[in-house]
4 protein chains.
Amino acid sequence: MKRGDSNMKLTCGGDPLVSRIEVKVRFSEVDSIRVVWHGSYVKYLEDGREDFGERFGIEYMTIFNNGYTAPVVDMHLQYKQSVTVGDTVIVETKYVPTLSAKLIFEYNIFRKEDNALVLTATTTQVFMTKSGELQLSNPPFFEEWKKRWNIG
Amino acid sequence: MKRGDSNMKLTCGGDPLVSRIEVKVRFSEVDSIRVVWHGSYVKYLEDGREDFGERFGIEYMTIFNNGYTAPVVDMHLQYKQSVTVGDTVIVETKYVPTLSAKLIFEYNIFRKEDNALVLTATTTQVFMTKSGELQLSNPPFFEEWKKRWNIG
Amino acid sequence: MKRGDSNMKLTCGGDPLVSRIEVKVRFSEVDSIRVVWHGSYVKYLEDGREDFGERFGIEYMTIFNNGYTAPVVDMHLQYKQSVTVGDTVIVETKYVPTLSAKLIFEYNIFRKEDNALVLTATTTQVFMTKSGELQLSNPPFFEEWKKRWNIG
Amino acid sequence: MKRGDSNMKLTCGGDPLVSRIEVKVRFSEVDSIRVVWHGSYVKYLEDGREDFGERFGIEYMTIFNNGYTAPVVDMHLQYKQSVTVGDTVIVETKYVPTLSAKLIFEYNIFRKEDNALVLTATTTQVFMTKSGELQLSNPPFFEEWKKRWNIG
């Protein structure tokens, strides 16, 4: 995984939290029209989200070990270009601040070779206890996380 | 595959074109929280779309054999409930009429056991020639298809 | 799902336990050479195993509810022919009797259209407790299952 | 992708051709027992094979651009341990010399954290023309490739 140096400054208070990760297209992710199957991008978004989580301390296991899961309740993908076998994509994952008890991310996926914008997407996650209760207010660990990154 | 008898009347002119198909959840589609992984639903939507295509004569191979592909350019999923191993879902796929050269479908996915609404979704496809040119007007075969089903 | 009538007699004591299920190839399971990606067959084997389980009362949930999991420890696939989008395959799953505490299945996958043999495979599963201990002797529920089907 | 320095010497004539690549387990690759689903390893093997191809000049696209495909005709996986979300595996891919017109690879997959052996596998590929004819003798480009690496 590589992250652009530009990220370094993006983590300062107030600036948006963004991560960048390279993902190599798998042969098995390409469909019979020889382009990445539209459903495969859902995995790239998850790669981006997990990379963001590692970078900013809110990965899946952090949420899970705090007693919660964060299921995706809304996912919107818009396809601009296609990529194929041998291509590498760059997944840019940006945290979208919100007052509600949700995790919202915006994504831009670029083709590495020519930096063409391939896909834009948004996902919304909610917090649930392991017993399955929806959390209407932010879990304590998430409040702390927001404070840590100066997110209002 | 089973289709509700109710579909029989839905194919008359003017009525919306709808298909229904049962899909059994695969063990491999369930994630570590023991519910169907959010990305797996993209396959169920494709099952629904293909079932619709078989029922109304516009499946993937029909489009392909007419010299076109119909890539998904927009996909929006909204998750209402979760399903798990052993569950069967019913994918309801409805054609949404549009004047533009697009294929738009709306989906409702229900849990078979209790008929609970599990997911709603919308997909938009465009038509491209095999050489990759976007079609801004309806391909002839699609015009005929619309006439056949009395779609304005 | 359809099962050949021939199965009816195959369930009598002494005869091999076999199930048959039809699986329609998914667009997303086909690779860029326009044939089903070799890894997709692993899902068809799981479909066959689960169909066998439902038919003979030893599906995944039965094992799980008895306090065990049955992880695959050995899987061998041999590819004879290819199938593609629009094809339907028939997965034939046969239980292979063994004295050791294992679940062994042999599979034949046929192309429905011409009944051509597409793939043969064998899988071996062991029994583990949910805490992860390997079972060297048959779990009680499995002993009962064997008796029920007159398996020595 | 990282490759052990040890590889440096492994490319000399006579020595086995081996590549090593790290693959991070995806959330979507883990099943409901919270371990990597047995079918997901097929993708890791493909990652290993593709990494080998890039390292030694025989990746998928090289084969394809020379007018051939190399479908997997035999795949045997033996599972030793399990890995889960957050784990990284190391896929070691070794070329197995053979006189027949085949590509045979042996794989060892290790858990990065403790270097435990997780899986061993073997795959066999044949060469086919794009029109689907099986090649019983080595394609010219493959003969050259063998010479280049001093493979008898």
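The values are calculated or read from the model by the stated rules, or taken from the named source; none is laboratory data. This is a predicted model, so every value here is computed, not measured. Note that each Cβ is placed from the backbone with ideal geometry, even for glycine, and that neighbours are counted across all protein chains shown. Note: areas computed on protein heavy atoms with side chains; ligands, DNA, RNA excluded. Shrake-Rupley method; radii C 1.70, N 1.55, O 1.52, S 1.80 Å.
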Segment B:14-33: number of residues that are out of contact with any Asp or Glu (no Cβ under 9 Å at 6 or more places or on another chain), charged (D, E, K, R) and facing chain A (nearest Cβ under 10 Å): 0
Residue under evaluation residue A:74, criteria (1) in contact (Cβ under 8 Å) with a residue 40 or more places away in the chain; (2) more than 10 Å from chain B (Cβ to nearest Cβ); (3) among the acidic types (Asp, Glu), criterion not met: (2)
For residue B:148, all conditions in the list (1) surrounded by fewer than 14 Cβ atoms within 10 Å (Cβ to Cβ); (2) without any contact (Cβ under 8 Å) to a residue 60 or more places away in the chain hold save one; what is the number of the exception? (2)
Only unsatisfied item for residue C:42, checking (1) within 13 Å of chain D (Cβ to nearest Cβ); (2) open to solvent by 40 Å² or more (accessible area, probe 1.4 Å), is (2)
Cross-chain or 6+ apart pairs with Cβ under 8 Å, segment B:103-114 first and over 15 Å from residue B:53 (Cβ atoms) and of a type in the set (A, V, I, L, M, F, W, C), then part of a loop (DSSP other than H, G, I, E, B) and modelled with pLDDT of 95 or more: B:110/B:116
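Each row is one residue, and each column tells you yes or no for (1) in contact with a helix residue (DSSP H, G or I) (Cβ under 9 Å, 6 or more places away or on another chain); (2) buried (at least 21 other Cβ atoms within 10 Å of the Cβ); (3) aromatic (Phe, Trp, Tyr).
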position	(1), (2), (3)
A:50	yes, yes, no
A:59	yes, no, no
A:64	no, no, yes
A:84	no, no, no
A:87	no, no, no
A:106	no, no, no
Restricting attention to segment B:16-44, which residues are β-branched (Val, Ile, Thr), touching a residue at least 12 places away in the same chain (Cβ under 8 Å), assigned to a loop (DSSP other than H, G, I, E, B) and under 19 Å from residue D:85 (Cβ atoms)? B:35
Restricting attention to segment D:45-61, and to residues there that are at the interface with another protein chain (Cβ under 10 Å from one of its Cβ atoms) and out of contact with any Lys or Arg (no Cβ under 9 Å at 6 or more places or on another chain), which single residue is nearest to residue C:42 (Cα to Cα)? D:45
Just wondering, is there one or more residues in segment A:110-131 that are away from every other protein chain (no Cβ under 13 Å), open to solvent by 10 Å² or more (accessible area, probe 1.4 Å), more than 21 Å from residue A:23 (Cα to Cα) and modelled with pLDDT of 95 or more? no
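Just the residues that are farther than 30 Å from residue D:26 by Cα and at pLDDT 90 or above, please, taken from segment B:1-37. Lay out the reasoning, then the answer.
First, the residues of segment B:1-37 that are farther than 30 Å from residue D:26 by Cα: B:1-20.
Passing the criteria: B:17, B:18, B:19, B:20.
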For residue A:49, are the conditions met, namely being among the basic types (Lys, Arg) and in contact (Cβ under 8 Å) with a residue 40 or more places away in the chain? yes
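More than 12 Å from chain B (Cβ to nearest Cβ) and surrounded by fewer than 21 Cβ atoms within 10 Å (Cβ to Cβ): is that true of residue A:141 in this structure? Break it down stepwise before answering.
Details: more than 12 Å from chain B (Cβ to nearest Cβ): yes; surrounded by fewer than 21 Cβ atoms within 10 Å (Cβ to Cβ): yes.
Yes, satisfied.
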